[in-house]
Amino acid sequence: MELNLLESNFFNISKITQVKAFNSKLDGYEVDDSILSGTIVIDINYYDTKLEEMFVSKEIDFTIMLKEDMEVNDIKINDMRLEVIDNQGVTCYYEIILNTKMIERQKESFQEISKKENEKNEELKQEIKENYDTLLSESLEKRKEEQIEVVEESVREEEVSDSKKIEIISTMDNRNERSFLDFFDNTRNNFSVIKKIAVNNEAYLNQISKDYNISIDDLYKKYDKENKCVVIKIHG
């Protein structure tokens, strides 16, 4: 199949008055994704306004969109002519002749089409499964966090409820401590007492350990060296 395309281009050539001679040639072409692109080179000998002979070489880049199944066998440049515009340049007229053929693409069989569709379906199923697994994991993690929050809230409520049974008593020394505790022993109420005991020296911690049946290690953990006191909890 032969295709004929008429084209024209203008070249700016200062002070040109007349073309003495010219030569044109196709400098190459390529086809990429149904787009044909090429270059035409034109060598021009001309006279300027002083009637001096000059030379210039110009390039014409062209682009042609082809049909999807079209293949180019050959390209020719035909009927090249130049028209001078005084002191400005020349207009170039030419014809591009394409020798092409249509490519017959092999049609896919029903089995091949079916195979491709099955492969796409499998990929889609795998993608859906991965997304489902991710969503399920996130949902379970969120539910776990909510359950933990509920348990923590329940524990805080129990702590608040228990705290109502606690009476905080602060003492600056240890006088009459035993008689004070005897009072609570006799009442047999369900209570807890938090005591703050002044400790003038660390040796006194041994005595507190014996009086309240608390290990010396626990007392040292609760001992506030800066304020010289220890806070203990006594259950009624």
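See the values below:
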{"item": "Failed criterion for MET172 (all others in (1) modelled with pLDDT of 80 or more; (2) surrounded by fewer than 10 Cβ atoms within 10 Å (Cβ to Cβ); (3) at negative phi hold)", "result": "(1)"}
{"item": "Hey, ILE128 surrounded by 13 or more Cβ atoms within 10 Å (Cβ to Cβ) and not aromatic (Phe, Trp, Tyr) or not", "result": "no"}
{"item": "Residue ID - surrounded by the most Cβ atoms within 10 Å (Cβ to Cβ), chosen from residues in the stretch 195-212 that are in a loop (DSSP other than H, G, I, E, B) and free of Cβ contacts under 8 Å to residues at least 24 places away in the same chain", "result": "GLU202"}
{"item": "Hits in the stretch 95-119 - residues which are surrounded by 10 or more Cβ atoms within 10 Å (Cβ to Cβ) and either in a helix (DSSP H, G or I) or modelled with pLDDT under 80 (or both)", "result": "GLU108, GLU112, ILE113, SER114, LYS115, LYS116, GLU117, ASN118, GLU119"}
{"item": "Residue satisfying all of: in the stretch 17-31; of a type outside the set (Val, Ile, Thr) and under 19 Å from ASN73 (Cβ atoms); surrounded by the fewest Cβ atoms within 10 Å (Cβ to Cβ) among these", "result": "GLU30"}
{"item": "Residue list for the stretch 39-48, filter: over 51 Å from the mean Cα position of the chain (by Cα) and surrounded by fewer than 18 Cβ atoms within 10 Å (Cβ to Cβ)", "result": "ASP43, ASN45, TYR47, ASP48"}
{"item": "Top-ranked residue in the stretch 1-45 [being in a loop (DSSP other than H, G, I, E, B) and in contact (Cβ under 8 Å) with a residue 60 or more places away in the chain; ranked as farthest from MET70 (Cα to Cα)]", "result": "LYS15"}
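The rows are residues; the columns are (1) at pLDDT 95 or above; (2) loosely packed, with under 13 Cβ neighbours inside 10 Å; (3) not hydrophobic (A, V, I, L, M, F, W, C).
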| site | (1), (2), (3) |
| --- | --- |
| PHE11 | no, no, no |
| LYS15 | no, no, yes |
| ASP33 | no, yes, yes |
| LEU36 | no, no, no |
| LYS50 | no, yes, yes |
| ILE60 | no, no, no |
| ASP69 | no, yes, yes |
| ASP74 | no, yes, yes |
| TYR93 | yes, no, yes |
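The values are calculated or read from the model by the stated rules, or taken from the named source; none is laboratory data. Here the structure is a predicted model, which is why all the values come from computation and not from measurement. Don't worry about glycine lacking a Cβ; one is built from the backbone with ideal geometry, like all the others, and counts go over all protein chains shown.
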